[in-house]
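Some notes on the structure that comes next.
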Amino acid sequence: MKFAVLVFPGSNCDLDMYHAIKDELGEEAEYVWHDTKDLSSYDGILLPGGFSYGDYLRCGAIARSSNVMTEVVKAAEAGKPILGVCNGFQILTEAGLLPGALLRNKNLKFMCRTVDLKVVNNNTQFTNQYAKDEIIKVPIAHGEGNYYCDEDTLQSLKDNNQIVFTYSSENPNGSLEDIAGIVNERGNVLGMMPHPERAVNELIGGADGLAVFKSIVKQWRESHVNQA
Amino acid sequence: MKKVKVYVTLRESVLDPQGSAVKGSLHTMGYKEVADVRIGKYLELQIEPSDRDLNVVVKEMCEKLLTNTVIEDYRFEVEEAN
(Lines give C-alpha, C1' and ligand atoms only; values in the text may rest on other atoms or scores of the structure.)
Protein backbone atom coordinates (compact mmCIF):
# COMPACT_ATOMS: atom_id res chain seq x y z
CA MET A 1 0.00 0.00 0.00
CA LYS A 2 1.37 3.41 -0.98
CA PHE A 3 0.86 6.40 1.31
CA ALA A 4 1.31 10.11 0.60
CA VAL A 5 2.62 12.10 3.56
CA LEU A 6 1.56 15.67 2.79
CA VAL A 7 4.09 18.38 3.63
CA PHE A 8 3.05 21.99 4.17
CA PRO A 9 5.40 24.82 5.14
CA GLY A 10 5.52 24.35 8.91
CA SER A 11 4.61 20.66 9.06
CA ASN A 12 6.86 19.03 11.66
CA CYS A 13 5.50 15.51 12.22
CA ASP A 14 5.97 14.46 8.59
CA LEU A 15 9.16 12.54 9.39
CA ASP A 16 7.48 10.63 12.22
CA MET A 17 4.60 9.74 9.91
CA TYR A 18 7.00 8.60 7.17
CA HIS A 19 9.00 6.53 9.66
CA ALA A 20 5.86 4.89 11.04
CA ILE A 21 4.76 3.76 7.57
CA LYS A 22 8.12 2.86 6.07
CA ASP A 23 10.03 1.35 9.00
CA GLU A 24 7.39 0.13 11.44
CA LEU A 25 4.57 -0.82 9.08
CA GLY A 26 6.79 -1.83 6.15
CA GLU A 27 4.63 -0.13 3.53
CA GLU A 28 5.49 2.49 0.92
CA ALA A 29 5.47 6.19 1.78
CA GLU A 30 6.40 9.36 -0.10
CA TYR A 31 6.55 12.98 0.97
CA VAL A 32 4.20 15.08 -1.14
CA TRP A 33 4.59 18.88 -1.28
CA HIS A 34 1.52 21.07 -0.77
CA ASP A 35 1.42 22.40 -4.35
CA THR A 36 1.05 18.92 -5.89
CA LYS A 37 -1.87 18.66 -8.29
CA ASP A 38 -2.21 14.89 -8.52
CA LEU A 39 -2.61 12.30 -5.76
CA SER A 40 -4.09 9.58 -7.95
CA SER A 41 -1.10 7.24 -7.56
CA TYR A 42 -1.52 6.99 -3.77
CA ASP A 43 -3.74 4.54 -1.90
CA GLY A 44 -3.88 6.52 1.34
CA ILE A 45 -3.28 10.14 2.36
CA LEU A 46 -1.71 11.25 5.64
CA LEU A 47 -1.86 14.85 6.91
CA PRO A 48 0.81 15.20 9.60
CA GLY A 49 0.96 17.48 12.62
CA GLY A 50 2.84 20.72 12.95
CA PHE A 51 2.10 24.38 12.46
CA SER A 52 1.31 24.79 8.77
CA TYR A 53 1.82 28.40 7.73
CA GLY A 54 2.66 29.27 11.33
CA ASP A 55 -0.99 28.80 12.33
CA TYR A 56 -1.60 32.24 10.77
CA LEU A 57 -5.25 33.39 10.77
CA ARG A 58 -6.48 30.07 12.25
CA CYS A 59 -4.84 26.63 12.58
CA GLY A 60 -5.10 24.93 9.20
CA ALA A 61 -6.91 27.84 7.50
CA ILE A 62 -4.16 28.71 5.02
CA ALA A 63 -3.17 25.09 4.32
CA ARG A 64 -6.80 24.39 3.47
CA SER A 65 -6.60 26.52 0.34
CA SER A 66 -3.40 24.90 -1.04
CA ASN A 67 -3.49 22.99 -4.34
CA VAL A 68 -3.08 19.59 -2.76
CA MET A 69 -6.27 20.01 -0.71
CA THR A 70 -8.36 20.03 -3.89
CA GLU A 71 -6.84 16.61 -4.56
CA VAL A 72 -7.47 15.48 -0.98
CA VAL A 73 -11.17 16.33 -1.45
CA LYS A 74 -11.19 14.23 -4.65
CA ALA A 75 -9.46 11.35 -2.84
CA ALA A 76 -12.03 11.55 -0.04
CA GLU A 77 -14.84 11.41 -2.60
CA ALA A 78 -13.15 8.40 -4.19
CA GLY A 79 -13.27 6.65 -0.81
CA LYS A 80 -9.53 6.53 -0.14
CA PRO A 81 -8.45 6.44 3.51
CA ILE A 82 -7.38 9.87 4.76
CA LEU A 83 -5.85 10.39 8.20
CA GLY A 84 -5.22 13.85 9.68
CA VAL A 85 -3.32 14.05 12.96
CA CYS A 86 -3.19 17.18 15.12
CA ASN A 87 -2.65 20.04 12.62
CA GLY A 88 -3.82 17.55 9.98
CA PHE A 89 -7.13 17.23 11.89
CA GLN A 90 -7.39 21.03 12.03
CA ILE A 91 -6.81 21.24 8.26
CA LEU A 92 -9.50 18.59 7.59
CA THR A 93 -12.08 20.53 9.63
CA GLU A 94 -11.14 23.82 7.92
CA ALA A 95 -11.51 22.07 4.56
CA GLY A 96 -14.98 20.87 5.52
CA LEU A 97 -14.03 17.19 5.21
CA LEU A 98 -14.83 16.73 8.89
CA PRO A 99 -17.50 18.61 10.89
CA GLY A 100 -16.75 20.98 13.79
CA ALA A 101 -13.63 22.93 14.68
CA LEU A 102 -10.67 22.85 17.06
CA LEU A 103 -10.54 25.71 19.57
CA ARG A 104 -7.83 26.95 21.90
CA ASN A 105 -7.32 24.53 24.83
CA LYS A 106 -9.64 25.49 27.66
CA ASN A 107 -6.73 26.02 30.10
CA LEU A 108 -4.87 28.06 27.43
CA LYS A 109 -1.81 25.79 27.80
CA PHE A 110 0.09 23.81 25.19
CA MET A 111 -0.44 20.23 26.40
CA CYS A 112 2.40 17.79 25.72
CA ARG A 113 2.09 14.40 27.43
CA THR A 114 0.90 10.85 26.92
CA VAL A 115 -2.83 10.37 27.51
CA ASP A 116 -5.25 7.46 27.78
CA LEU A 117 -7.60 7.14 24.84
CA LYS A 118 -10.68 4.97 24.62
CA VAL A 119 -11.42 3.30 21.28
CA VAL A 120 -15.14 4.08 21.24
CA ASN A 121 -15.67 2.73 17.75
CA ASN A 122 -13.48 -0.16 16.55
CA ASN A 123 -15.66 -0.72 13.52
CA THR A 124 -13.80 1.71 11.24
CA GLN A 125 -11.05 1.26 8.70
CA PHE A 126 -8.71 3.03 11.11
CA THR A 127 -9.48 1.05 14.28
CA ASN A 128 -10.36 -2.53 13.25
CA GLN A 129 -7.20 -3.82 14.98
CA TYR A 130 -8.32 -2.55 18.38
CA ALA A 131 -10.88 -4.04 20.75
CA LYS A 132 -14.07 -2.07 21.45
CA ASP A 133 -13.50 0.29 24.42
CA GLU A 134 -9.82 -0.66 24.55
CA ILE A 135 -7.72 1.91 26.44
CA ILE A 136 -4.55 2.90 24.60
CA LYS A 137 -1.71 5.28 25.45
CA VAL A 138 -0.91 7.86 22.79
CA PRO A 139 0.97 11.18 23.06
CA ILE A 140 -0.69 14.55 22.55
CA ALA A 141 1.08 17.85 21.75
CA HIS A 142 -1.21 20.74 20.96
CA GLY A 143 -2.44 24.16 22.04
CA GLU A 144 -5.66 24.07 20.04
CA GLY A 145 -7.28 20.67 20.36
CA ASN A 146 -10.52 21.60 22.06
CA TYR A 147 -13.06 19.96 19.74
CA TYR A 148 -16.24 21.96 19.26
CA CYS A 149 -19.38 21.54 17.19
CA ASP A 150 -23.01 22.62 17.55
CA GLU A 151 -25.65 20.41 19.16
CA ASP A 152 -27.14 19.15 15.90
CA THR A 153 -23.71 18.14 14.61
CA LEU A 154 -22.91 16.39 17.90
CA GLN A 155 -26.16 14.45 17.68
CA SER A 156 -25.42 13.35 14.13
CA LEU A 157 -21.87 12.33 15.14
CA LYS A 158 -23.44 10.11 17.82
CA ASP A 159 -26.20 8.76 15.58
CA ASN A 160 -23.68 7.72 12.92
CA ASN A 161 -21.04 6.37 15.34
CA GLN A 162 -18.56 8.96 14.07
CA ILE A 163 -16.86 9.47 17.44
CA VAL A 164 -13.88 7.11 17.27
CA PHE A 165 -11.55 8.11 20.13
CA THR A 166 -12.31 9.86 23.42
CA TYR A 167 -9.98 10.97 26.22
CA SER A 168 -10.32 8.44 28.98
CA SER A 169 -8.73 9.36 32.33
CA GLU A 170 -8.53 13.15 31.83
CA ASN A 171 -9.75 15.66 29.28
CA PRO A 172 -6.59 17.64 28.46
CA ASN A 173 -8.13 20.42 26.38
CA GLY A 174 -11.81 20.87 27.26
CA SER A 175 -13.10 19.13 24.13
CA LEU A 176 -16.81 18.46 23.83
CA GLU A 177 -17.78 15.03 25.25
CA ASP A 178 -14.03 14.23 25.61
CA ILE A 179 -13.77 13.85 21.83
CA ALA A 180 -10.23 13.09 20.62
CA GLY A 181 -10.95 11.77 17.12
CA ILE A 182 -13.85 11.54 14.65
CA VAL A 183 -14.54 10.08 11.21
CA ASN A 184 -16.67 11.50 8.42
CA GLU A 185 -20.06 9.98 7.70
CA ARG A 186 -18.67 7.66 5.03
CA GLY A 187 -15.95 6.49 7.43
CA ASN A 188 -12.91 7.04 5.20
CA VAL A 189 -11.63 10.30 6.73
CA LEU A 190 -10.30 10.25 10.31
CA GLY A 191 -9.12 13.31 12.23
CA MET A 192 -7.52 12.98 15.67
CA MET A 193 -5.53 15.26 17.96
CA PRO A 194 -3.32 12.53 19.56
CA HIS A 195 -0.30 11.30 17.61
CA PRO A 196 -0.46 7.56 16.77
CA GLU A 197 2.71 7.97 14.66
CA ARG A 198 4.61 8.81 17.84
CA ALA A 199 3.56 5.53 19.47
CA VAL A 200 4.77 2.88 17.03
CA ASN A 201 7.65 1.20 18.89
CA GLU A 202 8.27 0.22 22.52
CA LEU A 203 11.70 1.89 22.27
CA ILE A 204 10.03 5.31 22.09
CA GLY A 205 7.69 4.65 24.97
CA GLY A 206 4.90 2.60 23.47
CA ALA A 207 3.44 1.07 20.32
CA ASP A 208 -0.28 1.54 20.94
CA GLY A 209 -0.64 3.80 17.89
CA LEU A 210 0.63 1.31 15.34
CA ALA A 211 -2.72 -0.46 15.09
CA VAL A 212 -4.23 2.67 13.46
CA PHE A 213 -1.91 2.14 10.50
CA LYS A 214 -2.27 -1.64 10.55
CA SER A 215 -6.04 -1.21 10.43
CA ILE A 216 -5.81 0.98 7.32
CA VAL A 217 -3.63 -1.60 5.55
CA LYS A 218 -5.84 -4.52 6.57
CA GLN A 219 -8.97 -2.82 5.24
CA TRP A 220 -7.21 -1.81 2.03
CA ARG A 221 -5.91 -5.36 1.41
CA GLU A 222 -9.32 -6.90 2.01
CA SER A 223 -11.14 -4.49 -0.27
CA HIS A 224 -8.61 -5.12 -3.02
CA VAL A 225 -8.81 -8.91 -2.68
CA ASN A 226 -12.58 -8.67 -3.03
CA GLN A 227 -12.22 -6.65 -6.21
CA ALA A 228 -9.77 -9.14 -7.77
CA MET B 1 -9.95 52.19 -3.72
CA LYS B 2 -12.01 51.08 -0.73
CA LYS B 3 -10.93 50.21 2.76
CA VAL B 4 -12.85 47.28 4.28
CA LYS B 5 -12.71 46.74 8.04
CA VAL B 6 -13.58 43.19 9.08
CA TYR B 7 -14.37 42.36 12.71
CA VAL B 8 -14.24 38.68 13.70
CA THR B 9 -15.52 37.41 17.05
CA LEU B 10 -16.16 33.98 18.53
CA ARG B 11 -19.83 33.01 18.35
CA GLU B 12 -21.88 33.55 21.48
CA SER B 13 -22.20 29.79 22.01
CA VAL B 14 -18.43 29.28 21.94
CA LEU B 15 -16.41 29.60 25.15
CA ASP B 16 -13.66 32.22 25.01
CA PRO B 17 -10.99 31.12 27.53
CA GLN B 18 -8.72 34.04 26.57
CA GLY B 19 -11.54 36.49 27.25
CA SER B 20 -12.25 34.80 30.60
CA ALA B 21 -8.58 35.07 31.60
CA VAL B 22 -8.50 38.77 30.70
CA LYS B 23 -11.73 39.36 32.64
CA GLY B 24 -10.17 37.67 35.69
CA SER B 25 -7.12 39.88 35.36
CA LEU B 26 -9.23 43.05 35.11
CA HIS B 27 -11.16 41.97 38.22
CA THR B 28 -7.86 41.45 40.08
CA MET B 29 -6.89 45.01 39.11
CA GLY B 30 -10.09 46.29 40.67
CA TYR B 31 -12.32 46.73 37.62
CA LYS B 32 -15.20 44.80 39.16
CA GLU B 33 -17.70 46.39 36.76
CA VAL B 34 -16.40 44.23 33.87
CA ALA B 35 -19.14 41.66 33.27
CA ASP B 36 -17.61 39.91 30.27
CA VAL B 37 -14.68 40.06 27.83
CA ARG B 38 -14.68 38.61 24.35
CA ILE B 39 -11.52 38.65 22.24
CA GLY B 40 -11.69 38.85 18.47
CA LYS B 41 -9.72 39.83 15.39
CA TYR B 42 -9.64 42.94 13.25
CA LEU B 43 -8.63 42.83 9.58
CA GLU B 44 -8.20 45.71 7.14
CA LEU B 45 -8.44 45.07 3.41
CA GLN B 46 -7.62 47.56 0.66
CA ILE B 47 -9.79 46.69 -2.32
CA GLU B 48 -9.19 47.91 -5.89
CA PRO B 49 -12.25 48.91 -7.93
CA SER B 50 -13.64 46.05 -10.02
CA ASP B 51 -16.86 45.11 -11.80
CA ARG B 52 -17.78 42.71 -8.99
CA ASP B 53 -20.11 43.79 -6.19
CA LEU B 54 -17.85 44.69 -3.27
CA ASN B 55 -20.26 43.50 -0.58
CA VAL B 56 -20.71 40.14 -2.28
CA VAL B 57 -16.96 39.68 -2.75
CA VAL B 58 -16.11 40.58 0.85
CA LYS B 59 -18.83 38.28 2.19
CA GLU B 60 -17.39 35.47 0.06
CA MET B 61 -13.87 36.10 1.33
CA CYS B 62 -15.12 36.15 4.92
CA GLU B 63 -16.93 32.84 4.59
CA LYS B 64 -14.27 31.04 2.54
CA LEU B 65 -11.14 32.08 4.41
CA LEU B 66 -11.19 35.02 6.80
CA THR B 67 -13.54 33.39 9.30
CA ASN B 68 -14.59 29.88 10.25
CA THR B 69 -18.36 30.17 10.49
CA VAL B 70 -18.55 27.05 12.68
CA ILE B 71 -17.04 29.04 15.55
CA GLU B 72 -16.90 32.69 14.46
CA ASP B 73 -19.19 35.58 13.55
CA TYR B 74 -18.12 38.56 11.47
CA ARG B 75 -19.25 41.98 10.35
CA PHE B 76 -17.59 44.47 8.07
CA GLU B 77 -17.61 48.17 7.22
CA VAL B 78 -16.66 49.77 3.90
CA GLU B 79 -14.92 53.15 3.73
CA GLU B 80 -13.24 55.26 1.07
CA ALA B 81 -9.51 54.53 1.27
CA ASN B 82 -7.19 57.54 1.52
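The values are calculated or read from the model by the stated rules, or taken from the named source; none is laboratory data. Predicted model, so just to flag it, every value in this text is computed and none were measured. All Cβ positions, glycine included, derive from the backbone under ideal geometry; neighbour counts span all protein chains shown. These accessible areas exclude ligands, DNA and RNA; they are computed on the full protein's heavy atoms, side chains included. Shrake-Rupley method; radii C 1.70, N 1.55, O 1.52, S 1.80 Å.
Among the residues of the stretch A:138-166, write down those that are among the polar types (S, T, N, Q), within 12 Å of another protein chain (Cβ to nearest Cβ) and part of a helix (DSSP H, G or I).
Here is the first cut: in the stretch A:138-166, the residues among the polar types (S, T, N, Q) are A:146, A:153, A:155-156, A:160-162, A:166.
Applying the additional criterion that residues be within 12 Å of another protein chain (Cβ to nearest Cβ) yields A:146, A:153.
Answer for the stretch A:138-166, where residues must be among the polar types (S, T, N, Q), within 12 Å of another protein chain (Cβ to nearest Cβ) and part of a helix (DSSP H, G or I): just A:153.
Applying the selection to the stretch B:7-21, what residues are in a strand (DSSP E or B) and within 11 Å of another protein chain (Cβ to nearest Cβ)?
Of the stretch B:7-21, the ones in a strand (DSSP E or B) are B:7-10.
The answer is B:8, B:10.
Which one of the conditions (1) within 14 Å of chain A (Cβ to nearest Cβ); (2) in contact with a Phe, Trp or Tyr (Cβ under 8 Å, 6 or more places away or on another chain) does residue B:58 fail to meet, given that it meets all the rest?
(1)
Residues A:20, A:29, A:78: which one is over 30 Å from residue B:20 (Cβ atoms), small (Gly, Ala, Ser) and open to solvent by 10 Å² or more (accessible area, probe 1.4 Å)?
Working: A:20 fails: open to solvent by 10 Å² or more (accessible area, probe 1.4 Å); A:29 fails: open to solvent by 10 Å² or more (accessible area, probe 1.4 Å).
After applying the criteria, what remains is A:78.
Which of the residues spanning the stretch B:44-63 are surrounded by 12 or more Cβ atoms within 10 Å (Cβ to Cβ) and outside any strand (DSSP E or B)?
If we filter the stretch B:44-63 for residues that are surrounded by 12 or more Cβ atoms within 10 Å (Cβ to Cβ), which is where we start, we get B:45, B:47, B:54, B:57-63.
Once the filter is applied, which keeps residues that are surrounded by 12 or more Cβ atoms within 10 Å (Cβ to Cβ) and outside any strand (DSSP E or B), the stretch B:44-63 yields B:54, B:57, B:58, B:59, B:60, B:61, B:62, B:63.
Got at least one residue in the stretch B:22-34 being polar (S, T, N, Q) and within 11 Å of another protein chain (Cβ to nearest Cβ)? Write out each step before concluding.
At the first step, the residues of the stretch B:22-34 found to be polar (S, T, N, Q) are B:25, B:28.
Going one step further and asking which of them are within 11 Å of another protein chain (Cβ to nearest Cβ), we end up with none.
No, that holds for no residue.
Of the numbered conditions (1) touching a His at 6+ places or on another chain (Cβ under 9 Å); (2) open to solvent by 70 Å² or more (accessible area, probe 1.4 Å), residue A:155 fails exactly one; give the number of that condition.
Only one criterion in (1) touching a His at 6+ places or on another chain (Cβ under 9 Å); (2) open to solvent by 70 Å² or more (accessible area, probe 1.4 Å) is unmet by residue A:155, namely (1).
Scan the stretch A:188-220 for residues that are part of a helix (DSSP H, G or I) and among the charged types (D, E, K, R) and jot them down. Lay out the reasoning, then the answer.
In the first step, residues of the stretch A:188-220 are kept if they are part of a helix (DSSP H, G or I); the result is A:196-198, A:202-204, A:210-220.
Those that are part of a helix (DSSP H, G or I) and among the charged types (D, E, K, R): A:197, A:198, A:202, A:214, A:218.
Determine the pairs where a residue that is over 14 Å from residue A:165 (Cα atoms) and surrounded by fewer than 21 Cβ atoms within 10 Å (Cβ to Cβ), located within the stretch A:126-152, has a partner that is polar (S, T, N, Q) and at pLDDT below 95 with Cβ atoms under 8 Å apart, the partner being 6 or more residues away or on another chain.
If the second residue must be polar (S, T, N, Q) and at pLDDT below 95, the pairs left are A:150/B:13.
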